[in-house]
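Asker: Quick one: structure below, then a few questions.
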Amino acid sequence: MDVEAGARVSVALTVNGQRREAEVEPRWLLSDVLRHELGLTGTHVGCEHGVCGCCTVLVDGRAVRSCLMLAVQADGADIRTIEGLAHQDGSLHPLQEAFRRHHGLQCGFCTPGFLMAALPIYRQAATMSDQELRKALSGQLCRCTGYAGILAAVRAAAAIEDEP
């Protein structure tokens with residue numbers, strides 16, 4: 001892609017079921033476009049190196065660290081952020097409800113990343129060993145909880161009434 005410095009390109013994304021377009025510089029990160037261009041500030045940015053997992057979103061159904069992905073790489077992709085997790089009527093997604101019930105959060109900064117990382121695997125979590133579940137969530141860091149509540153919440157989420 002030959003683009004002059006400072007020039008912008010158009011990207012089209014489907015974010016939480018809605019088609020969104022933005023004019024971005026090719027060097028802009030997906031996390032920055034979500035937060036600053038589209039106003040979706042639930043995607044948190046912690047380390048900006050892909051280590052902490054706070055910026056995790058789903059891109060075409062796969063958990064991705066949005067601080068490591070260029071927005072232009074997401075052109076045409078289906079993106080789900082934490083803002084798209086709760087039901088349309090405002091009721092909580094089973095993962096959110098399980099995190100609430102099982103004390104899977106304290107300060108809450110890492111919670112959006114954990115929820116998005118757990119979304120593709122939570123239905124299988126009840127049958128996963130501790131080691132398998134920890135490995136599945138190993139890209140997410142929490143400095144507050146000690147992980148016990150998070151693991152319990154992910155395991156319990158599948159038992160909560162799911163999306164209509």
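Asker: What is the angle, in °, between the Cα long axis of helix 148-157 and the longest principal axis of the Cα atoms in the chain? Nearest 10 is fine, range 0 to 90.
Answerer: Once rounded, one gets 90 degrees.
Asker: Still on this model: Over segment 1-59, calculate the relative contact order: mean separation of alpha carbon pairs under 8 Å at least 6 apart, over the residue count, as a percent. Please list the in-between numbers first.
Answerer: On the way: 54 pairs, mean separation 11.9, N = 59.
Dividing the mean separation by the residue count of segment 1-59 yields 20 percent.
Asker: Moving to a separate point now. Apply the a/c threshold of 1.5 to the C-alpha gyration tensor of segment 1-52 and tell me whether it is rounded, prolate or oblate.
Answerer: Values: a/c = 2.40, a/b = 1.21, b/c = 1.98.
Cα axes put segment 1-52 in the oblate bin.
Asker: Follow-up question, since we're still on this one. Within a Cβ distance under 15 Å of Gly113, other residues only, what is the Lys/Arg minus Asp/Glu net charge? Walk me through the numbers before you get to the answer.
Answerer: Values: positive: Arg35, Arg62, Arg65, Arg80, Arg143; negative: Glu48, Glu83.
Once positives and negatives cancel, what remains is +3.
Asker: How would you order 17-23, 103-109 from highest to lowest mean count of nearby Cβ atoms within 10 Å? Could the numbers behind the result be given before it?
Answerer: Values: 17-23: 12.3, 103-109: 15.6.
Per-residue mean Cβ counts within 10 Å order the peptides as 103-109, 17-23.
Asker: Using alpha-carbon positions, what is the distance between the centroids of segment 36-56 and segment 113-140, in Å?
Answerer: 19 Å
Asker: Provide the descending list of Cα extents for segment 108-153 along its principal axes, expressed in whole angstroms.
Answerer: Ordered largest first, segment 108-153 gives principal extents of 27, 19, 17 Å.
Asker: While we're on this one: Going by the alpha-carbon gyration tensor, a ≥ b ≥ c the square roots of its eigenvalues, is segment 34-113 rounded (a/c under 1.5) or, if a/c is not under 1.5, prolate (a/b greater than b/c) versus oblate?
Answerer: Working: a/c = 2.05, a/b = 1.38, b/c = 1.48.
The shape class here is oblate.
Asker: I would also like to ask the following. What value, in deg cm²/dmol to 500, does the helix sum -39500 (n - 2.57) over DSSP H runs of n ≥ 4 give at 222 nm once divided by the residues of the chain?
Answerer: Values: 4 runs with 33 residues, N = 164.
Here the helix-only value at 222 nm equals -5500 deg cm²/dmol.
Asker: Find the eigenvalues of the gyration tensor of the Cα atoms of the chain, then list the square roots of 5 times those eigenvalues as equivalent ellipsoid semi-axes, largest first, in whole angstrom.
Answerer: On the way: eigenvalues 175, 56, 33 Å².
Working through the eigenvalues yields semi-axes of 30, 17, 13 Å.
Asker: Using Cα-Cα distances under 8 Å and only pairs 6 or more residues apart, what relative contact order does the chain have, in percent? Don't skip to the answer; put the middle values down first.
Answerer: Working: 302 pairs, mean separation 37.7, N = 164.
Reported as a whole number, the value is 23 percent.
Values quoted throughout were computed directly from the atomic coordinates according to the rules given, and no laboratory measurement underlies them. Predicted model only: the values in this text are computed from it and were never measured. Positions of Cβ are generated from backbone atoms using ideal geometry, with glycine treated the same way; all protein chains shown enter the neighbour counts.
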